[in-house]
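Novice: Sharing a structure here in structure tokens format.
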């Protein structure tokens, strides 16, 4: 029932909202489900024992050649980074680049970018190489474009060479496919060549990219060619002779390229299920080879994905151990240590551990479904009592299911998830040895426990296990896991008859009942735990602006360094507190955006917890989470949480320790200051409470200023003239003959690290140079009080043109800045602040999960009020409009 004054949400709008919120995850899940079912159908009629037998019969020389081909493939991947760094004009020693690039690709390829926070691996790696954010954006785009162009060109060429390879996938004749492939090949190659020669951008929608010069473009195509060929060769070498005799290698390259593209487009981590479905479909005409092809795919996954992943994890574990012994430092000069680069990736160990835990849980359960070989049963029967034997089977299902759920807690760096995972892995190892003497898998689980223990300091958050469990992604992962378990059970036990009594049959040779219990218990336990965590009442205070304890807010603001935290007192914010009330996020909501102003305020050890909680809060409301005006030093923790940065501008910060009016470089400031004093200007700092008479005098100045500028009061990231608000701060007052002609409220904290101003207004009768005088006098006064820095505020969208390859939306925002000069005189804002010789520090808008920053910027604009020009500046803080 809709209350009076409310309008019901139209069904069409609800449907659109649902698709926007859940569409991508549901599409990925559906594609995975279709792929998994296609694999199950392709394997119908063969047994698990046949597949295992084919794996054991794989020739040793084939395994060695496959490993060499894998090494060649990863060398080609390193070539992507090498050519991308050439594109942005960065040089890195080849050994350093090779080791770091291999580790980054080993992690991201094997576990999937979605698990690793949307590209955090690449961000960490490139930052470790010393690249700027602008260069990282370009290099990442370059590598993605290089892969896309390479796999398209090679795939089209291979399809044109042998169109019959995909004839059973599309309802077209071989000749029609060849003509279409040749036409598409010509369009792509001509377009790439034209862009390379003419230096003209290519792309689609808002994504545009300029190809490198012809020589570099040809080199990149070569790397792409080698990448696809080596990866395809790794699998082709492992195929049974009967399959490879039917499909030649050039034909197989076409099939492999199509499978790789399908896997990437599906967004399924690692392309699992989708990739296998395409490969198995290509061999549908040789059904007698299905077991061999399935075995080859499993071995391929182990060699091309798991082996590099284990190598990458071992490298990072080695770096972690070395860092514990002696913290790494980057060497001076031009040298760049490989270990210092790798150390930038070690912070991703929790995400890697999360992926490994999920994989370990799944493998543990699937292993429990596979019938135990008779020789092992004969060895166990006299040594292990039946009750203990069957109980260990139950433990395998329980521990596997719990590991699936704990993966999310490990990704969130939860301390409790860490301890639980260690205990669960210990139980799993014992159950494996009691159940089937599987020393290989037991060693792998012990290795995972060791990795967790070495990285134990990374799991330092008090994040509850319930964090993030309610999300559609978590539910989709669980559903995907359940599909895997059910389909694998049906495949492994296809020859056994089902009856309800099978659940209660206990015997050493009762493989089917044991598999049934393992599958049922693991799925049930994981679902129960997942629902319990997801449906638990969320701990911590609910976001509320009106009920926030002002004393607590003031206390938290005072104990940290950022003076902009004082915006929490403006009266227009909502708040989300940490569980222990040691930190908070202040935010506003407009449209479908939750926009936090600045990073979490308070204790640093609560920052990550609050970021995750804020994301959950936004998702719960079907909104986009974003953080506005984030410093470069804080980017890493946001990127780890799944946010991506877009540059807003640069903040001017003056070092008060060196600030003085002496010297030739301060001549103009000194002259302006002296002229103002001769004109009778003085500056004083008034502490609250402020008298009603003073407030009335300042109100007149404020109203006059607003009228002259034809603007209205702003909010959110800008102060406004409100007596209750201004009573929270000291005021800098400029007087002429005892009459106030200009004022500003001072943002400060008890740490006295940084001071700044918020609201700054002057009377029309104020002498020229009044604002210069206010700034200089205030900085000198704060310096005397022990403040170390003074912020002049942001120069909106400055510093964008200095980046050679800014993001598309930044071009748009830059043009708005120039147009905005008609209203706020932006064009000279940076020049004005430059005369104070500040240090320019970048500020960013952080958007979550690849959301278009323009969508969020529009909502920020509405929060601030007054068009995009109002959303991207703090009211030209520090700029005298008449000068």
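Novice: Can you tell me which residue among 636, 621 is touching a strand residue (DSSP E or B) at 6+ places or on another chain (Cβ under 8 Å), at pLDDT below 85, on the phi < 0 side of the Ramachandran plot and surrounded by fewer than 20 Cβ atoms within 10 Å (Cβ to Cβ)?
Specialist: 621
Novice: Go over the candidates 759, 733 one by one and state the one that is assigned to a strand (DSSP E or B) and modelled with pLDDT of 90 or more.
Specialist: Testing whether each residue is assigned to a strand (DSSP E or B) and modelled with pLDDT of 90 or more leaves just 733.
Novice: Just to be sure before I move on: is residue 729 touching a strand residue (DSSP E or B) at 6+ places or on another chain (Cβ under 7 Å) and in contact (Cβ under 8 Å) with a residue 60 or more places away in the chain in the structure I sent?
Specialist: yes
Novice: Among (1) out of contact with any helix residue (DSSP H, G or I) (no Cβ under 8 Å at 6 or more places or on another chain); (2) crowded, with 21+ Cβ neighbours inside 10 Å, there is one condition residue 43 misses while meeting the rest; what is its number?
Specialist: With respect to (1) out of contact with any helix residue (DSSP H, G or I) (no Cβ under 8 Å at 6 or more places or on another chain); (2) crowded, with 21+ Cβ neighbours inside 10 Å, residue 43 is out only on (1).
Novice: From the list 793, 820, exactly one residue is at pLDDT below 90 and part of a helix (DSSP H, G or I). Which is it?
Specialist: Matching residue, one of 793, 820: 820.
Novice: Quick check on my filter: what residues within the stretch 52-71 are crowded, with 16+ Cβ neighbours inside 10 Å and under 18 Å from residue 224 (Cβ atoms)?
Specialist: Listed by number, the residues that qualify are 69, 70.
Novice: Filter the stretch 766-789 for residues that are in contact with a helix residue (DSSP H, G or I) (Cβ under 8 Å, 6 or more places away or on another chain) and not in a helix (DSSP H, G or I); which is surrounded by the most Cβ atoms within 10 Å (Cβ to Cβ)?
Specialist: 769
Novice: Being touching a helix residue (DSSP H, G or I) at 6+ places or on another chain (Cβ under 7 Å) and at negative phi: is that true of residue 616 here? Spell out how you get there, then give the answer.
Specialist: Values: touching a helix residue (DSSP H, G or I) at 6+ places or on another chain (Cβ under 7 Å): no; at negative phi: yes.
So residue 616 fails the test.
Novice: Scan the stretch 661-682 and tell me whether some residue there is within 26 Å of residue 566 (Cα to Cα) and under 45 Å from the mean Cα position of the chain (by Cα).
Specialist: So far as the stretch 661-682 goes, no, none of its residues is within 26 Å of residue 566 (Cα to Cα) and under 45 Å from the mean Cα position of the chain (by Cα).
Novice: May I pose another question? Could you give me the residue pairs with C-beta distances under 7 Å whose first residue belongs to the stretch 271-292 and is farther than 14 Å from residue 247 by Cβ and assigned by TED's automatic domain parsing to the domain that holds residue 53, whose second residue is modelled with pLDDT under 80 and not in a helix (DSSP H, G or I) wherever it lies, and which are 6+ apart or on separate chains?
Specialist: So the pair list comes out as 274/268.
Novice: Which residue out of 862, 837, 871, 827 is at pLDDT 50 or above and crowded, with 16+ Cβ neighbours inside 10 Å? Talk me through it step by step, then tell me what you get.
Specialist: Numbers: 837 fails: crowded, with 16+ Cβ neighbours inside 10 Å; 871 fails: at pLDDT 50 or above; 827 fails: crowded, with 16+ Cβ neighbours inside 10 Å.
That would be 862, the only listed residue that is at pLDDT 50 or above and crowded, with 16+ Cβ neighbours inside 10 Å.
Novice: Can you pull out the helices (runs of 4 or more DSSP H) entirely within the stretch 608-722 that have at least 2 residues that are within 19 Å of residue 774 (Cα to Cα)?
Specialist: Output list reads 667-678, 692-709.
The values are calculated or read from the model by the stated rules, or taken from the named source; none is laboratory data. Everything numeric here is computed off the predicted structure, so don't read it as measured data. Note that we place each Cβ from the backbone using ideal geometry, even for glycine, and neighbour counts take in every protein chain shown.
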